[in-house]
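Below is one structure, written out as structure tokens; comments come after it.
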Amino acid sequence: MLSAIIPGNSLRKLTRNLLLTGLFFHLLAAWFNVGYHHPDEYFQITEFASYKLGKTPVIDLAWEYAAGIRPAFQPAMVYCLCKLFSLHNPVIISFLLRLLSAITAWAVAALFILISLTECRSDKTKKIILYLSTVLWFLPYIHARFSSENWSAIFFFAGLSLLMLMLKPANDLLKIKNSFLSLLFCGILIGLSFVVRVQSGFMILGLGLWLLIYRKLTIRDLSVLFTGIALSFFTGVLTDRWLYGKWVFTAFNYFHVNIIIGKASDWGTSPWWDYFVTIVENNIPPFGILILAGIFIFFFRFYKHPLTWISVPFLLAHIINPHKEIRFLFPLVNALPVIAVTAFDGKTNSVFINKIIDSLSSKVAILSAKIFIVLNIILMLVTCMKPANEMFSFYDFVYDNYKDKEAYIYTFSEDPYSVIDLHVDFLKPDNLTVIKVPKDSLLHHFPFRKNAVNLVFEKKFLQDDAFHLTDKKSRIVYRTIPERMKMINFNNWLKRSRIWRLYEVD
């Protein structure tokens, strides 16, 4: 693959090393990034699968289940994984889902980038794209998520990459046969991106228009491609029937509930320009401004490029939608390095753009690049090695240590297994009972269970007094912020930090 893209080129070794480095960080993220980026990632996928596995009662499911608006394909993936390999430990299952997501997303992104490099004009552009596409600080974190946003990107860019290979000139070393099965498989992959996340339909629409206008595929080829998309759609309907126990059209239900009725706006609304601000704020300053400029310049310079036709409808749809979250743009994250860097590749007819390009070769630009690399490495290590959600570190600890014992958790603050009024059933041991105590003073005389593990949970500021009992011994067995963090208590930030503590009562 590498020899076909960069034959006899000194970049081949760099490409291999960057890809392997990216894989290493993806594996780190899969191991450490326990939990979710957004509750939907867990409560509307894993808990739905847990319901079909017979663990989560239907009454504990998110309201989206009753509304029939969430696709069942990913819960079906979890269900099949558990059944095929006889998996029962939720900690292992959750890790395998992150590992599967990270490795698959890394492989698809690598394929897409390698294909995209063949269109670059300079080695400098290739190096920048390679670096940003493999070790950009937030990519492993996003790719390790078993979320609809990530898997939508996986399916779409896998199908797009194979389609790009088929559309290459006949003398290209990467050309693959434009066969019936190849086109059908591309259509199936692209269709699955819509099945897992309906918003990807805008990317499919843009791709279809580009194929019609610029590639002028034969009616036969387009028919085969869209037959594959239709097969995926039919598969989605069948999995929805499996999950909900009746025939539902989740894509229509989603549109009706969130757009027509406006349920999505209940979670907040933002002005149309909010994504532009968010893109700048969520990147290393001032590089966010450069990335945003690169996006607009790419759309202007390469208006016939498939990525332009894929991205513009997708972005416009989300800009128009009043409810905005940065995760909604995650399906395009694989294309971001190509778009932002290719925008400045080669000479243009625009004096303004050429001035930007020329400035990138200055000493200031070189110094800025070095600063960016250092900051990127630091952020990469932080995002890859910290939990995506601290609560899930707690859930993993409790399950690993008490799954085979009768255990009780006494809490005088809140139920740790209740998040935003939803129950965490999948990760909760079957033999664990949570008991709420009105006041912590009552625990001093509480009749703890004999022949069972008695645990006390509290959520307080780190520097508050530790829990203790007057007539019983207790020891802390878990805390979300380790004691050693007191060594780096700059600006007394620990005093303002709430942590979870778990005590075992002897």
Qualifying residue in region 104-117 (condition: under 19 Å from the mean Cα position of the chain (by Cα), surrounded by fewer than 22 Cβ atoms within 10 Å (Cβ to Cβ), farther than 19 Å from Lys428 by Cα and without any contact (Cβ under 8 Å) to a residue 40 or more places away in the chain): yes
Residue in region 87-95 that is out of contact with any helix residue (DSSP H, G or I) (no Cβ under 8 Å at 6 or more places or on another chain) and surrounded by fewer than 21 Cβ atoms within 10 Å (Cβ to Cβ) present: yes
Region 405-417 - residue that is in contact (Cβ under 8 Å) with a residue 24 or more places away in the chain and part of a loop (DSSP other than H, G, I, E, B) and, of those, nearest to the chain's Cα centre (by Cα): Pro416
2 or more residues closer than 22 Å to Ser133 by Cα: qualifying helices (runs of 4 or more DSSP H) within region 1-101: 2-5, 11-32
Qualifying positions in region 380-404 - among the charged types (D, E, K, R) and either out of contact with any helix residue (DSSP H, G or I) (no Cβ under 8 Å at 6 or more places or on another chain) or assigned to a loop (DSSP other than H, G, I, E, B) (or both): Lys386, Glu390, Lys403, Asp404
Boolean, Leu231 is of a type outside the set (D, E, K, R), modelled with pLDDT of 95 or more, at negative phi and within 20 Å of the chain's Cα centre (by Cα): no
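For every residue, the table says whether it meets (1) in the same structural domain as Leu162 (by TED's automatic domain parsing); (2) within 23 Å of the chain's Cα centre (by Cα); (3) farther than 27 Å from Thr104 by Cα.
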| position | (1), (2), (3) |
| --- | --- |
| Leu192 | yes, yes, no |
| Trp210 | yes, no, no |
| Lys246 | yes, no, yes |
| Phe255 | yes, yes, yes |
| Thr269 | yes, yes, yes |
| Tyr275 | yes, yes, yes |
| Ile279 | yes, yes, no |
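The values are calculated or read from the model by the stated rules, or taken from the named source; none is laboratory data. Note that this is a predicted model, so its numbers are computed, not measured. Cβ sites come from the backbone with ideal geometry, for glycine too, and all protein chains shown count toward neighbours.
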